[in-house]
Every structure is written in C-alpha cells, then in structure tokens.
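Novice: Below is the structure I would like to discuss, written out as structure tokens.
All of the numbers you see were taken from the coordinates with simple rules; none came from a lab. Please read these numbers as outputs of a predicted model, since none were measured by experiment. In this analysis, Cβ positions are derived from the backbone assuming ideal geometry, glycine residues included, and neighbour counts consider all displayed protein chains.
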Amino acid sequence: MTYQQKIKDGETLDLSRRSFLAIAGGAGVGLMIGLKVDPAAAANTAQGAIEFNPFVKVSPDGAVTVIVKHLDKGQGVATGLATIVAEEMDADWATIRTEFAPANPNLYANLAFKAQGTGGSTSIANSWDQYRTAAVTARAALVNAAAEAWKVPAGEITVVKGVISHPSGKKGSFGEFAEKAGASKTPPAVSPQTPPFKNPTKYVLIGKEGLHRVDNDSKTDGTAIYTQDLHVPGMLVAVVAHPPKFGAKPKSFDDAEAKKVKGVEQVVQIPTGVAVLAKNTWAAIKGRNALKVEWDDGAAEGRGSDALMAACKDAVSKPGVATATNTGDAEGALRGAAKVIEADYAFPYLAHAAMEPMNAIAEVKDGAVKITTGAQFQSIDLFVASKVAGVPMDKVTIDTVWAGGSFGRRAVPTSDYIAEALTIAKGIDGKAPVKLVWTREDDMKGGYYRPMYAHKVKAAIGADGMPVAWHHRIAGQSIMTGTAMEPLLVKDGVDDTSVEGASNLAYSVPNLKVELTTIKAGVPVLWWRSVGHTHTAHAVETMIDELAFAAGKDPVEYRLALLKDKPRHAGVLKLAAEKAGWKAGEKLEKGRGRGVAVHESFNSFVAQVVDVTIKDDGQVKVDRVVAAVDCGLVVNPDVVRAQVEGGVGFGLGAALRNAVTLKDGVVQEGNFDKYKPLRISDMPHVEVHIVPSQEKPTGIGEPGVPPIAPALANAIFAATGKRVRDLPIGDQKFTSV
Amino acid sequence: MIKLKINGEERELDVDPDTPLLWVIRDELKLTGTKFGCGVAQCGACTVHLDGSPVRACQTPISDVEDSEIRTIEYVVGSSASKEGKAVQAAWRALDVVQCGYCQSGQMMSAVALLTTNKKPSDKDIDTAMNGNVCRCATYQRIRAAIHDAAKRLEA
C-alpha cells in the first residue's frame with residue numbers, strides 16, 4: 001500500500017512527540033502542546049479584520065481574508081483555498097485576500113500528516129472539507145447577524161457575491177455585519193434544511209474558467225515578497241563556506257582576508273561550516289570567498305557517483321534485501337516462460353534547483369526565536385528551531401512568505417537551512433537578525449537530492465502476448481529512514497517512497513515480485529517533485545511498452561487490456577490518446593516518433609502522449625505533449641493545467657540532461673552552466689485535458705511529472721528503435737529508422 | 001561615491017566599484033523586484049534595462065553603468081511604463097503566466113526589451129530572446145503565448 005493510499009484510507013503520519021524524539025535523539029518538548037492556541041494572536045495582521053475562525057477573517061470594508069495553511073511555492077494553493085472559501089461563503093472574488101498561516105500545528109495541521117506541512121500533493125485534498133466548513137460557518141454567522149438585525153428568519157436570507165439580502169428589500173454587505181457576526185463566539189448553527197455544503201451544480205467559482213490567481217498581480221509588478229527580499233532593521237547577511245564533501249566539518253580557518261572586506265562584521269564557525277556576516281549580501285559573498293578553511297574529512301562521504309551507482313547496480317544483480325510485493329511466483333513463472341525481457345535502468349541524483357536558492361531569516365531575542373522563510377514543514381521547523389535555540393516551542397515563531405519554488409526542497413526533515421540560520425544567529429549571541437543567503441552553488445551542492453537508483457526488471461509474456469510475470473528489483477538510498485516519517489513509511493525494510501509506483505503496479509500481472517535493497521551513503525537525499533514515481537514510472541512505463549512491442553500489439557491497446565479494473569487509468573489513457581490523434585499501429589514518418597505513458601501518483605491519474613523529432617544532428621526535439629488528467633473534482637482548472645504544463649517541463653529537463661554527479665565525494669555541478677535547466681527553446685507545446693469528475697479533489701502539484709520521461713523514451717523508441725532506460729538522455733545521438 | 005541614474009532618479013551611493021549592480025539595486029536601493037538566482041548570468045532573474053537593453057545585473061559592476069539609464073521592473077511595468085511594459089504586464093496577467101513567480105520580473109524585462117525592438121516576434125524570435133531566462137516552474141509555454149498576446153495588444 002502506498003502512503004497516498006494510506007492517507008486516502010484515513011491513516012495519517014504520526015508526527016507525535018515520540019517520533020520526533022526518535023529523530024532528534026534527545027529531550028524536547030511536545031509538538032502539539034505548549035503552543036499558543038489563541039487564533040486571534042496567531043493571525044492578526046489585516047487592519048481591522050475580524051476573526052471568524054482560524055481560516056477566515058472579514059474586514060469592515062468587506063474584504064474576506066483566507067488564511068492559507070500551506071506554503072504556496074507556485075503550485076497555486078493560495079488560489080485554491082481562496083476559491084473554496086469564496087465559493088462556500090458566496091463571497092465576491094474581487095474582495096478575497098490571502099495570508100499565510102503562522103506556524104501553529106494545533107490550528108493549521110495538514111490533516112493528512114497530523115502536522116503542519118505541505119507535500120505529497122495533499123494540500124487541496126486535506127483542506128477540502130476543513131476550508132468548506134470554515135467558509136460555511138463564517139457565512140452562517142454573517143447571515144445570522146443580518147437576520148437578527150433585520151428581525152427576519154435566517155432561512156429567508158440569500159447571499160450573492162458578498163451581498164446579504166432579504167426578499168423585503170433589505171440588503172447589506174459582509175463588511176456591515178462582520179463585527180457583529182465575528183463577535184459571536186459560539187459557532188452558528190447551520191440550518192438543518194440547508195445542506196452544509198453547496199451542491200456542486202450551484203458552483204460559480206469552483207471548477208470555473210476565468211478566475212485569476214491571487215498572486216497574479218503581485219508577481220507581475222515586482223511587489224511579491226520572498227525571503228530573499230526581506231530587510232529586517234539591523235540585520236546582517238550571512239553567507240557560509242560549506243565543506244566540499246558531505247559529512248566534513250571545519251577544522252580550522254583563517255579569516256584575515258575576509259575581515260578586510262568592507263562591510264564584513266564577523267566570522268563564526270558553526271557545525272556546518274564557517275559563516276561570514278556582513279552588512280550586505282555582496283560583502284558577505286566576497287568575505288566568504290576570501291576565507292581559507294581547512295576541513296576535517298574524517299567522517300565524510302568520499303565516494304564518487306560512479307562508485308555509488310556501481311553499488312546500486314551490484315545490489316540489483318542479487319536478490320533484494322527486502323520484498324515490497326510478492327504475488328504469485330514471479331521467479332517460477334519467468335523460468336518457464338517462452339519470452340523474457342530483461343532491462344536495467346539507472347537514475348542519477350537530482351537537485352531541486354528552485355529559482356530562489358534556500359534562505360531564512362532568524363532572530364534570537366529575549367529567550368524567543370523568530371524565523372521568516374518559505375516554510376514548508378512548520379511542525380518540523382518548530383521542533384528543530386526550538387532544539388537549536390534551546391528555547392521552548394512556544395517561544396518559536398515562524399512566519400511564512402512566498403517561496404520561489406521548492407519542488408520538495410523547502411520541506412526538510414532536518415530543517416537544514418533554517419537550523420543553519422538559527423545557529424549563526426545564536427553564534428553571534430542574537431546581537432542582530434541574521435538573513436542566511438545561500439548562493440546558487442551552496443544550493444546546488446547542498447545535498448538533499450532525489451536519490452540515485454538502479455532498477456532491474458525481468459518480465460515475461462505468454463503465448464497471447466500478455467504479461468505472465470514481472471520481477472522488479474530496485475536499489476538506492478532511503479528518503480524516509482531516519483526521519484519522523486520512518487514509522488509509517490518504512491515497514492520491514494521497505495521505504496515505500498523507494499518502490500511506490502512499482503510495488504503497486506497498475507497492470508494486471510499474475511506473478512509480481514518487487515524487491516528493494518537500500519543503499520547507505522553519506523549524500524543527503526530528499527523527496528523531489530513526485531518522489532519515488534520519478535524513477536518507478538520510467539521503469540514500469542518503458543517496460544510495459546517493451547512488452548507491447550514484443551507482443552506485436554499497439555501500446556495503448558495493450559495497456560488498456562491490462563487496465564480493465566482500473567477505470568481512472570484507462571480514462572486518462574483513452575482521453576490522451578484520442579486528443580493526440582493516436583492511431584493503433586501508426587508509424588509516423590521517418591525521423592518522428594510518438595510515445596505514451598500513464599501513471600497514478602498522489603491519488604491522481606495522468607497520461608501523456610509525446611511527439612518527438614530526431615534532428616539531423618541526432619538530437620531529440622520534443623514537439624508536443626498531450627496530457628490527460630483525472631484529479632477528482634477540479635477547484636481551479638487553469639491551475640491544474642498550469643501544474644501539468646510545469647510538471648511536464650520540470651520532468652523533461654531532468655530526463656533530457658540533469659544529473660548531480662560526485663567525484664571523490666565532491667559535487668561537480670555548482671550552477672546552471674553545468675546543471676542545465678530546461679529553457680524556453682526546449683519547451684514543447686503542451687495540451688492538458690481534464691477528465692470531468694465529482695470524486696473528492698486529489699493532488700496536482702506532482703502527478704504531471706512521472707509520465708513525461710517514459711512517454712519521451714517510448715517516443716524515441718518509436719522513432720529510432722532504441723530504448724532509453726538510463727536517465728538523463730544527455731548528449732546521446734539517435735538514428736531514425 | 002558612485003552616481004547612478006535609475007528609474008528616472010539620480011542616486012549617489014557609497015559602495016565599492018566592483019559591487020554588481022544587482023546588489024546595489026536590491027540591498028542599497030531596496031528595489032527587490034529584481035531577483036538573485038544564479039550570480040553568473042545563467043538564469044536571467046536579475047535582468048534590468050541598461051539604456052533600454054536587457055542586461056544581467058549580477059554580472060554588471062556598478063562602476064560600468066554610471067553613465068547609463070538603468071530601469072528595473074518597478075519602473076518598466078509601473079506608472080511610467082512604456083506601452084510595451086503595459087502590454088507585457090497585461091498579457092502576463094491575462095494568461096496567469098506566473099507560478100512561483102521568482103523569475104518573472106526577469107522574464108518580463110526580457111519580453112519588454114524584445115517587443116520594443118521587434119513588434120511581432122515569431123516563436124523562434126521569442127526562443128532566441130528569452131533563452132537566457134530560466135523558469136524552473138517551466139511556465140515557458142505561457143511566456144511564449146503572453147509575448148504573442150502582448151504583441152497583439154500593441155497592434156490594437
């Protein structure tokens with residue numbers, strides 16, 4: 001069972017005190033106790049705004065402020081949550097404002113995690129009932145206040161676009177009744193005749209076109225504020241010399257030259273390096289570059305990526321240490337099979353490389369700590385900050401601002417960059433607020449990569465061409481081991497995120513075995529947009545394509561025959577094929593190829609059809625991607641389309657040419673000159689088609705990513721007859737057939 | 001002291017001559033719409049206009065630009081915006097181009113510069129002009145569409 005299914009089935013992660021103590025390895029304070037619970041104190045910024053509940057405020061001028069408990073790092077969750085509230089309140093979209101919730105897991109936990117954090121494409125799914133309830137409650141309070149003032153039954157009142165009215169002709173705005181309605185502390189009863197939530201047929205905002213993102217204006221005039229943009233009075237900017245190898249520590253340093261740089265104020269040694277503090281960013285960078293540091297490599301990872309990949313390859317050549325799935329007798333069936341296909345796959349480390357390099361502001365004052373950053377996993381960040389600063393958790397405040405991307409990097413089980421900022425602030429005895437700035441090189445070389453993996457798949461087809469056995473081995477580092485998520489996600493030696501997407505193979509195969517060997521290495525690893533699906537989807541969806549060709553069948557028809565009890569997989573696959581003009585058995589003209597892939601992740605289903613051209617120089621050009629998506633009920637169709645367009649581009653850049661490599665433990669890619677991002681000239685035309693659905697909303701931030709690499713590889717095969725099993729494609733030259 | 005002409009104002013600043021224009025704009029003048037992304041002119045998040053041409057502020061020493069008219073996103077799409085600046089902003093908003101938004105000031109600066117010299121760019125012109133601006137959210141398809149949309153707005 002994947003963790004997304006567990007979340008769907010109501011199981012939740014236990015980020016309780018015990019599991020936190022397990023990762024922190026020492027005394028601490030409870031996560032869910034001792035935090036301030038007064039919502040008024042927690043979210044009290046908009047002028048004169050009246051708190052209705054932790055999620056909704058209404059100002060006397062009629063503005064409705066939605067408190068966004070999730071980090072918006074571009075995926076559009078602020079817009080999504082605001083849409084849900086506006087719809088159920090019958091508010092006027094033009095009056096909607098948003099602000100990020102403070103760190104307070106008692107009020108703002110992700111209900112899928114029981115902890116405050118954003119990830120796993122759970123934001124809309126976990127908030128759906130909660131934000132609708134908050135909105136319906138706020139609306140009822142306003143209606144009740146109007147009914148009382150007008151001395152009419154509440155049931156006779158209607159609300160349209162933030163205007164409350166009664167058939168008698170009485171009319172008033174949300175703003176007029178905000179104070180009275182907000183003051184009633186007991187939650188207003190929703191009339192039993194009224195359905196608690198709006199009937200979807202009455203929606204005017206949810207699922208509708210033409211709604212613009214709430215951050216559309218501020219991100220197109222330079223006024224949106226990210227961590228990097230904050231200037232706290234008296235603050236110093238810190239830039240850190242980090243060790244070239246993971247696990248190394250500073251031994252000694254010479255800061256004579258650094259201190260000569262105008263603007264440099266102080267140099268402090270911290271466990272993760274040597275920090276230069278300066279009055280401005282440039283002075284801090286120059287100072288850092290002028291430092292001479294000697295490193296203690298004693299405990300450092302010294303292997304290169306070739307050696308680490310060799311260890312993964314060796315592991316998949318042997319039986320796995322753990323078994324994730326075992327139905328039927330895959331090995332027995334393979335021995336007796338007429339036709340067996342065996343394939344090896346290799347996947348590199350990948351950096352998130354968000355446009356805004358990691359950064360955080362830390363202030364230590366009077367026994368309290370304040371962190372300002374694009375905080376993605378506040379429950380962990382609170383805990384780590386409390387531990388690093390040595391203050392109780394109720395003395396830690398975390399303010400969240402817009403994040404310039406994340407792709408998973410801002411949710412870190414060790415809160416690495418936040419802890420570093422705070423350690424520096426503590427290291428100068430709190431004499432100034434500290435803005436920690438990572439340069440691009442710090443960010444790229446700072447670890448927490450998508451792990452490197454090797455796969456080996458042996459699959460057999462029967463006389464009818466249909467698969468009879470699938471034996472899949474995976475080896476790589478575990479993302480979850482050693483984190484607070486380990487108790488739920490690592491069972492019997494299987495980290496679910498290493499095998500998800502393979503262990504729950506969607507295709508009907510009678511004999512299936514999926515094994516895992518977890519490799520230990522000193523390179524920090526982390527979830528990277530779509531986590532395990534980034535590699536499992538590639539192996540599964542290219543292998544199923546190989547089987548279809550071995551069977552002499554059309555790849556779409558072959559898949560559909562194996563997805564008879566998977567209607568949502570089949571639904572997106574059919575839609576994408578239809579919209580792409582897929583014709584069974586069609587061979588495009590020489591030099592062109594078309595490939596397909598379908599994959600479920602985060603309870604959403606995405607199929608993609610990719611068209612490629614093999615250029616005269618043998619390089620691949622991706623011309624078009626037609627995607628179909630089923631993510632349940634859609635809150636904002638344009639945000640869904642944007643996420644799939646972006647997911648395609650994000651996954652495509654990685655598939656084409658991204659890899660973090662190490663030589664003797666030292667990361668070789670420091671900037672975009674070597675870790676080459678997808679650029680506009682690489683971007684194909686992307687079409688996104690949405691399957692209409694009344695199922696509960698599921699995730700969309702990640703599910704657009706997994707199908708792109710295998711659909712691309714399958715398109716290359718169609719054009720060239722060559723299988724692409726290892727990623728990235730890199731400088732490979734192809735010959736059309 | 002360094003003298004600057006920026007966004008229609010003259011400023012005098014006490015900064016080292018080797019300081020990149022980016023850090024003067026961001027840290028001294030607190031014009032934070034211009035972003036730091038890579039520091040080596042590989043990503044374009046810091047794009048500003050120097051006498052109307054797009055340059056990467058992270059690789060432009062302040063001492064090199066004392067005689068130039070510098071404009072940042074705040075000016076280029078602000079109340080003094082040119083018709084190209086207004087069209088680009090309107091197109092970006094109409095198409096909801098942004099996701100994380102961090103690169104978008106730079107993208108818009110490059111787009112305005114393109115449309116100022118090329119009223120009706122082709123896809124190829126757009127790819128050439130915009131290839132130095134990285135967007136990790138991969139909003140490229142909408143950027144391309146928004147530039148065409150802005151060109152149409154300028155025709156009207």
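Novice: Quick one: A:Val232, A:Val434, fewest Cβ neighbours within 10 Å first, how do they rank?
Specialist: Details: A:Val232 15, A:Val434 28.
Placing the least packed residue first, the sequence is A:Val232, A:Val434.
Novice: A further question on this structure: State whether region B:21-61 is rounded, prolate or oblate according to the following rule on the C-alpha gyration tensor (a ≥ b ≥ c being the square roots of its eigenvalues): a/c under 1.5 gives rounded; otherwise a/b larger than b/c gives prolate, and the remaining case gives oblate.
Specialist: Working: a/c = 1.62, a/b = 1.13, b/c = 1.43.
Verdict is oblate for region B:21-61.
Novice: Using DSSP, restrict attention to beta bridges with both residues in the protein assembly as shown and report what percent are antiparallel, rounded to the nearest 5. Walk me through the intermediate numbers first.
Specialist: Values: 100 of 132 bridges.
Around 75 percent of the beta bridges assigned by DSSP in the protein assembly as shown are antiparallel ones.
Novice: Summing Lys, Arg as +1 and Asp, Glu as -1, what charge do residues with Cβ under 15 Å from the Cβ of B:Ser82 carry, B:Ser82 excluded? Please list the in-between numbers first.
Specialist: Working: positive: B:Arg71, B:Lys83, B:Lys86, B:Lys119, B:Arg153; negative: A:Asp221, B:Asp51, B:Glu69, B:Glu74, B:Glu84.
That sum, taken over residues with Cβ under 15 Å, equals 0.
Novice: Would you mind calculating the relative contact order of region A:232-326 from Cα pairs under 8 angstrom and at least 6 residues apart, reporting the percent as a whole number? Numbers along the way, then the final one.
Specialist: Values: 150 pairs, mean separation 31.3, N = 95.
Value for region A:232-326: 33 percent.
Novice: For region B:1-49 and region A:285-351, compute the distance between their C-alpha centroids and round to whole Å.
Specialist: 44
Novice: Given Cβ point charges of +1 (Lys, Arg) and -1 (Asp, Glu) and nothing else, what value in debye, to the nearest 20, does the dipole of the protein assembly as shown about its Cα centre take? Present the calculation step by step, with values, prior to reporting the outcome.
Specialist: Values: 102 positive and 102 negative charges, 200 e Å.
Dipole magnitude for the protein assembly as shown comes out near 960 debye.
Novice: Mind checking region B:60-156 for GluC sites (Glu not before Pro) that DSSP puts in a loop (not H, G, I, E or B) and that have at most 15 other Cβ atoms within 10 Å?
Specialist: On the way: sites: B:Glu66, B:Glu69, B:Glu74, B:Glu84, B:Glu155; in loops: B:Glu66.
Counting only loop positions with at most 15 other Cβ atoms within 10 Å, the GluC sites (Glu not before Pro) in region B:60-156 are B:Glu66.
Novice: I would also like to ask the following. Roughly how many nanometres apart are two label points built 7 Å out from the Cα toward the Cβ at A:Asn106 and A:Asp565?
Specialist: Roughly 4.7 nm, to one decimal.
Novice: Just to be sure I understand the model, the point goes 7 Å from the Cα along the line to the Cβ. What's the resulting A:Lys260 to B:Asp67 distance in nm?
Specialist: So the label points at A:Lys260 and B:Asp67 sit 3.2 nm apart.
Novice: Is the shape of region A:423-501 rounded, prolate or oblate, going by the alpha carbon gyration tensor and its root eigenvalues a ≥ b ≥ c, with a/c under 1.5 for rounded and a/b larger than b/c for prolate?
Specialist: prolate
Novice: Now a separate question. Could you calculate the FRET efficiency of A:His212 with A:Glu331 from 1/(1 + (r/R0)^6), where r is the beta carbon distance between them and R0 is 51 Å, rounded to 0.05? Don't jump to the answer; show the numbers that get you there.
Specialist: Working: r = 56 Å, r/R0 = 1.09.
Computed FRET efficiency for A:His212 and A:Glu331 comes out at 0.35.
Novice: Using alpha carbons only, how many degrees (0 to 90, rounded to 10) separate the axis of helix B:83-94 from the longest principal axis of chain B?
Specialist: Helix B:83-94 and the main axis of chain B meet at about 60 degrees.
Novice: So if we plug the beta-carbon distance of A:Lys583 and A:Glu695 into 1/(1 + (r/R0)^6) with R0 = 35 Å, what FRET efficiency do we get, rounded to 0.05? Before the final figure, lay out the partial values.
Specialist: Working: r = 30 Å, r/R0 = 0.87.
Efficiency at R0 = 35 Å is approximately 0.70.
Novice: Relative contact order, percent, of chain B when contacts are C-alpha pairs under 8 Å separated by at least 6 residues?
Specialist: Working: 269 pairs, mean separation 37.0, N = 156.
Normalised by residue count, the contact order of chain B is 24 percent.
Novice: Moving to a separate point now. Taking 0.36 nm per residue of separation and subtracting the Cα-Cα distance, what length does fully extending B:Ala145 through B:Gln59 add? All intermediate terms of the calculation are to be shown ahead of the outcome.
Specialist: Working: separation 86, 0.36 × 86 = 30.96 nm, distance 2.92 nm.
Using 0.36 nm per residue and subtracting the Cα-Cα distance, I get 28.0 nm.
Novice: With a cap of 15 neighbouring Cβ atoms within 10 Å, and only residues DSSP puts in a loop, list the GluC sites (Glu not before Pro) found in region A:547-618.
Specialist: Numbers: sites: A:Glu557, A:Glu578, A:Glu586, A:Glu589, A:Glu600; in loops: A:Glu586, A:Glu589.
In loop regions of region A:547-618 (DSSP not H, G, I, E or B), the sparsely surrounded GluC sites (Glu not before Pro) are A:Glu586, A:Glu589.
Novice: If you stretched the chain out fully between A:Asp673 and A:Ser736, how much longer would it get, using 0.36 nm times the residue separation minus the C-alpha to C-alpha distance?
Specialist: On the way: separation 63, 0.36 × 63 = 22.68 nm, distance 2.97 nm.
Contour length minus Cα-Cα distance gives 19.7 nm.
Novice: Here's a follow-up. Tell me, in nm to one decimal, what length is gained between B:Val40 and B:Lys119 on full extension, where the rule is 0.36 nm per residue of separation less the Cα-Cα distance?
Specialist: On the way: separation 79, 0.36 × 79 = 28.44 nm, distance 2.98 nm.
That works out to 25.5 nm of additional length.
Novice: How large is the helix-only mean residue ellipticity at 222 nm for chain A, computed as the sum of -39500 (n - 2.57) over DSSP H runs with n ≥ 4, divided by its residue count, in deg cm²/dmol to the nearest 500? Let's see the in-between values first.
Specialist: Numbers: 21 runs with 216 residues, N = 737.
Calculated from helices alone, the mean residue ellipticity at 222 nm is -8500 deg cm²/dmol.
Novice: Here is a follow-up. Rounded, prolate or oblate: which fits region B:2-76 when a ≥ b ≥ c are the square roots of the eigenvalues of the alpha-carbon gyration tensor, with rounded for a/c under 1.5 and prolate only if a/b beats b/c? Write down the numbers at each step before the final one.
Specialist: Values: a/c = 1.44, a/b = 1.21, b/c = 1.20.
Judged from the Cα gyration tensor, region B:2-76 comes out rounded (a/c under 1.5).
Novice: For A:Lys365, which aspartates and glutamates qualify as cross-link partners when the Cα separation must be under 13 Å and same-chain residues fewer than eight apart are set aside?
Specialist: List returned: A:Asp429.
Novice: If you don't mind, another one. Could you tell me the center-to-center distance, by alpha carbons, between region A:654-668 and region A:589-628 in angstrom?
Specialist: Answer, in whole Å: 25.
Novice: Please rank B:Thr72, A:Thr201, A:Thr483, fewest neighbouring Cβ atoms within 10 Å first, as an exposure proxy.
Specialist: A:Thr201, A:Thr483, B:Thr72
Novice: Can you pull the Kirkwood radius for region A:131-272, inverse mean 1/r over Cα pairs, to one decimal in Å? It would help to have the intermediate numbers written out before the result.
Specialist: Working: mean 1/r = 0.0469 Å⁻¹.
For region A:131-272, inverting the mean 1/r across all distinct Cα pairs yields 21.3 Å.
Novice: Right, another one. Taking the Cα-to-Cβ direction at A:Ile225 and at A:Ser317 and moving 7 Å from each Cα, how far apart do the two end points lie in nm?
Specialist: Going by the 7 Å Cα→Cβ label model, 5.8 nm.
Novice: Okay, moving on. Would you work out the relative contact order for chain A, in percent, from Cα pairs under 8 angstrom that are 6 or more residues apart? Mind dumping the intermediate values first?
Specialist: Details: 1704 pairs, mean separation 105.2, N = 737.
Relative contact order comes out at 14 percent.
Novice: Cross-link list A:Lys456/A:Lys579; A:Lys73/A:Lys370; A:Lys69/A:Lys370; A:Lys286/B:Lys30; A:Lys458/A:Lys722; A:Lys260/A:Lys676: which exceed 26 angstrom alpha carbon to alpha carbon? Provide the component values of the computation, followed by the final result.
Specialist: Working: A:Lys456/A:Lys579 33 Å; A:Lys73/A:Lys370 21 Å; A:Lys69/A:Lys370 18 Å; A:Lys286/B:Lys30 20 Å; A:Lys458/A:Lys722 18 Å; A:Lys260/A:Lys676 35 Å.
With Cα atoms farther than 26 Å apart: A:Lys456/A:Lys579; A:Lys260/A:Lys676.
Novice: Still on this model: Would you mind ranking A:Ser305, A:Ser127, A:Ser530, B:Ser63 by Cβ crowding within 10 Å, fewest neighbours first?
Specialist: Neighbour counts put them in this order, fewest first: B:Ser63, A:Ser305, A:Ser127, A:Ser530.
Novice: Residues in region A:237-259 near a label at B:Lys30, defined as backbone nitrogen under 18 Å from the 7 Å Cα→Cβ point?
Specialist: Correct set: A:237.
Novice: Over all distinct alpha-carbon pairs, what is the Kirkwood Rh of chain A in angstrom?
Specialist: Numbers: mean 1/r = 0.0367 Å⁻¹.
Final number for the Kirkwood radius of chain A is 27.2 Å.
Novice: For region A:467-546, which trypsin sites (Lys or Arg not before Pro) pass both filters: DSSP loop (anything but H, G, I, E, B) and at most 10 other C-beta atoms within 10 Å? Please report the intermediate quantities before stating the final value.
Specialist: Values: sites: A:Arg473, A:Lys491, A:Lys513, A:Lys520, A:Arg529; in loops: A:Lys520, A:Arg529.
Listed in order of number, the matching sites are A:Lys520.
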